[in-house]
Amino acid sequence: MRSQYSQFNAMGGGNNSEMFPDPFQDMASLSMPDSLRNTLHWCEYIYQVFGTYRMAMERIISYFLTDIEVGGDVSDDEKSKYEDFLGNTIDAITVLQSLMRDRMCYGNSFASLIVPFNRFLQCPKTGDMYPLREVYKHSVFNFEWSNFEFIATCPRTGWRGKWKVIDKPDDEQRKLKVKQWNPHDIEILHDPFTDDVDFIWRIPEDYKKMIRDGNLFHLERCGEQVLLAIKHNQVFRFNKDVIFHMKEPTLAGIRNRGWGIPRILSNFRQIWYVQVLRRYNEAIALDYVIPFRLITPDVRPGGGGSMGMQDPLMSFNGGDFGGQVKSMIRKRRRDPASWQVLPFPVKYQMLGGDANQLAPVDLINQGTETLLNDAGTPVDLYKGSLQLQTAPVALRLFESTWHHLVHDTNTFLAWLVRQVSQVMSWEIVEVNLKRVTIADDMQKQMSVLQLMMGQQLSGTSGLKAIGFDWDTEQNLISEEARKQQELQARSQEEMEQAGFAQEIASGMPPGGGGAPAAGGGQAAGGGQNPAGPDAASAMGAGGTPVSTYVQSMGPDTPVSPNDLMATAEQLAQELLGLPEGIKDSELRKLKQYNEVLHSIVRAKMDQQRNQMKQQGGAMLQQQMQAGGGGGGGGVGA
């Protein structure tokens, strides 16, 4: 027991010293909860109704919720499975936010991985199995839920009695879910020597009633062990490592018996103080914002009175005065432009309306800022007015203060991966939240990028420093290059088709037949002229390649096979550099002029395209090797 003359309630230590009140025995102390269960209820209430504290905690949670990184020495397919499960199946970010919210409110949060199952009933005589829903609903089974036993009639033999329960786990990835447990229903068995704990679920009475009543929806989902606990009116004890406990760190001297002490309890006095100010501010708003208006008879200078003044109430009835004033007010409200007449002068007064002078605005602001600092939330971060000059140091201190919060979330992710790997038979991967990046990382990022460009740092480390993955980026670069080639080819084809349609619309005649070849023979291709030796110079004179070539050809131009191949090579090179629409138009004109040359040009174009693809792939591979090789040797010349 505390001494009567402690350092807080006495000065000088003597019995005759003047007594001072204990500064810790304030009004807030009289309302503080005195048990763990009351503490949880109080914290829940404050977190729900006290918006400033709740939003401060929500902003802290949101600040540290970053993207989830999946790593480890496993295959990319295994990583992709976990990324899809964490991102789409259970929405791990939302789960983490809910768990941290419980931790901020109650000081504790509990979670477990739920594997759903399908419940069947098996006849002990025939071994036939039927889904519980079918047995429950069909009259042929005459189902009965009695004394926590599944009683039914076998449709084959007519035997009636207790059927065996068989639960088959439904371990599909999409059906797994994370269950948050209500802290009010959890008990902790704690060993003071080893700090080992076990968790117990005090099954809510309303859930017990629904099970006892035999509701199908709940009978399909309630595990056999839970059914047994409800039957004997007992608590349910979790197996080891089935439930994850995230808790607020506390001092070693506090006998918390495995529980975390809510942060709200440490700030209870300040929350109480701010709420008192808000309560009185509400009273001021109710009574002092709108002034009270008053109309009274006015004393005017009179005749022969002893005081030289005449009171209107000496000659008018008070009821008549009130009635006339109320009638005047009603007329004024109906018609603001109307004239009102009173047989006596009146006096108008306004009482109150001084809420601005009475409202404790400065006290509320000061109390709120003190509360935010006590709760570990920078005031500027809460208000969204953090200055860039002070952000690096302030945020680094802020992150260090809440390091345990990030550690708890990463620990939960590791626990969740272990649970999922056991259920789904997947490999275990490394999962954690990305580190929060702050403003003073900019200089470091620039240095990292410069080192990467100088091949003194690997591309994997360089891109990771700025929040990117090297493998992913290289795959995206290859995909973008492929799509860019497809789009360019499609655009060129559309332009060629548009150019050909324009030529047809303008009435331009197609190229005609050729002249006889030298020596009196006919050139291949039905007597049409192939290219001559001066085709290359003619194509550079202007116009499109095929049109220039056709115009330059003469009727007696000699042609050799070497000239034909050279012309085809030159035409293929120039046509590949044209948009798709113009290229197709030129090829159609060439086919009308000389089918043989057209076939050779098409073959040459395909050959050149394949060469360009091979060269582009080799260049891309060199870039990937240069970017991922760090400070190693380059590609040989």
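The values are calculated or read from the model by the stated rules, or taken from the named source; none is laboratory data. On a predicted model such as this, the values are computed, not experimentally measured, just so you know. Virtual Cβ from ideal backbone geometry, glycine too; neighbours counted across all protein chains shown. Surface areas here come from the heavy atoms of the whole protein model, side chains and all, with no ligands, DNA or RNA. Shrake-Rupley method; radii C 1.70, N 1.55, O 1.52, S 1.80 Å.
Restricting 27, 11, 104, 57 to residues that are modelled with pLDDT under 90, open to solvent by less than 30 Å² (accessible area, probe 1.4 Å) and touching a Phe, Trp or Tyr at 6+ places or on another chain (Cβ under 9 Å) narrows the list to 57. Does the range 190-208 contain any residue that is over 30 Å from residue 255 (Cβ atoms), outside any strand (DSSP E or B) and either of a type in the set (Gly, Ala, Ser) or open to solvent by less than 70 Å² (accessible area, probe 1.4 Å) (or both)? Checking the range 190-208: at least one residue is over 30 Å from residue 255 (Cβ atoms), outside any strand (DSSP E or B) and either of a type in the set (Gly, Ala, Ser) or open to solvent by less than 70 Å² (accessible area, probe 1.4 Å) (or both). Listed by first and then second residue, the pairs linking a residue in the range 470-494 that is touching a residue at least 40 places away in the same chain (Cβ under 8 Å) and open to solvent by less than 90 Å² (accessible area, probe 1.4 Å) to a residue that is of a type in the set (Gly, Ala, Ser) and assigned to a helix (DSSP H, G or I), with Cβ atoms under 6 Å apart and 6 or more places separating them unless they lie on different chains, are 470/459. As a summary of the residue check, residue 312 satisfies the conditions (1) touching a Phe, Trp or Tyr at 6+ places or on another chain (Cβ under 6 Å); (2) at pLDDT 90 or above except for the one numbered (2). Please verify whether residue 230 is in contact with a Phe, Trp or Tyr (Cβ under 9 Å, 6 or more places away or on another chain) and either crowded, with 16+ Cβ neighbours inside 10 Å or in a loop (DSSP other than H, G, I, E, B) (or both), treating the condition exactly as stated. Taking the combined requirement at face value, the residue satisfies it. The set of residues in the range 111-136 that are within 42 Å of the chain's Cα centre (by Cα), basic (Lys, Arg) and not in a strand (DSSP E or B) contains only 133. In the range 266-275, the condition of being modelled with pLDDT under 80, in contact with a helix residue (DSSP H, G or I) (Cβ under 9 Å, 6 or more places away or on another chain) and part of a helix (DSSP H, G or I) is met by no residue.
Restricting the range 580-602 to residues that are free of Cβ contacts under 8 Å to residues at least 60 places away in the same chain and open to solvent by 60 Å² or more (accessible area, probe 1.4 Å) leaves a set whose member that is nearest to residue 491 (Cα to Cα) is 602. For the range 39-54, filtered to residues that are of a type outside the set (Val, Ile, Thr) and either touching a helix residue (DSSP H, G or I) at 6+ places or on another chain (Cβ under 6 Å) or open to solvent by less than 70 Å² (accessible area, probe 1.4 Å) (or both), the residue that is nearest to residue 92 (Cα to Cα) is 54. The set of residues from the range 316-346 being surrounded by fewer than 11 Cβ atoms within 10 Å (Cβ to Cβ) and small (Gly, Ala, Ser) comprises 318, 319, 337, 338. Screening the range 530-549 for residues that are at pLDDT 75 or above and either out of contact with any Asp or Glu (no Cβ under 7 Å at 6 or more places or on another chain) or open to solvent by 60 Å² or more (accessible area, probe 1.4 Å) (or both) and picking the one that is nearest to residue 597 (Cα to Cα) gives 549. Of the numbered criteria (1) touching a residue at least 12 places away in the same chain (Cβ under 8 Å); (2) under 19 Å from residue 102 (Cα atoms), the one residue 211 fails is (2). Of the residues making up the range 155-188, those that are hydrophobic (A, V, I, L, M, F, W, C) and in contact (Cβ under 8 Å) with a residue 60 or more places away in the chain are 176, 178, 181, 186, 188.
The residues of the range 176-186 that are exposed (fewer than 15 other Cβ atoms within 10 Å of the Cβ) and within 18 Å of residue 261 (Cα to Cα), listed by number, are 182, 184. Residues in the range 20-78 that are among the aliphatic types (A, V, I, L, M), more than 23 Å from the chain's Cα centre (by Cα) and closer than 19 Å to residue 260 by Cβ: 32, 36, 40, 46. Residues in the range 137-158 that are assigned to a helix (DSSP H, G or I) and in contact with an Asp or Glu (Cβ under 9 Å, 6 or more places away or on another chain): 141 alone. Kindly check whether there is at least one residue in the range 159-175 that is in a loop (DSSP other than H, G, I, E, B), over 30 Å from residue 101 (Cβ atoms), open to solvent by 30 Å² or more (accessible area, probe 1.4 Å) and touching a Lys or Arg at 6+ places or on another chain (Cβ under 9 Å). Among the residues of the range 159-175, at least one is in a loop (DSSP other than H, G, I, E, B), over 30 Å from residue 101 (Cβ atoms), open to solvent by 30 Å² or more (accessible area, probe 1.4 Å) and touching a Lys or Arg at 6+ places or on another chain (Cβ under 9 Å), which makes the answer yes. Sort out which residues of the range 84-109 are free of Cβ contacts under 8 Å to residues at least 24 places away in the same chain and in a loop (DSSP other than H, G, I, E, B), and write them in order of number. Selection gives 91 alone.
A Cβ distance below 6 Å, combined with a sequence gap of six or more or placement on separate chains, defines the contacts here; from the range 69-83, residues that are closer than 24 Å to residue 406 by Cβ reach residues that are open to solvent by 60 Å² or more (accessible area, probe 1.4 Å) in the pairs 69/434; 70/83; 71/430; 72/430; 74/427.
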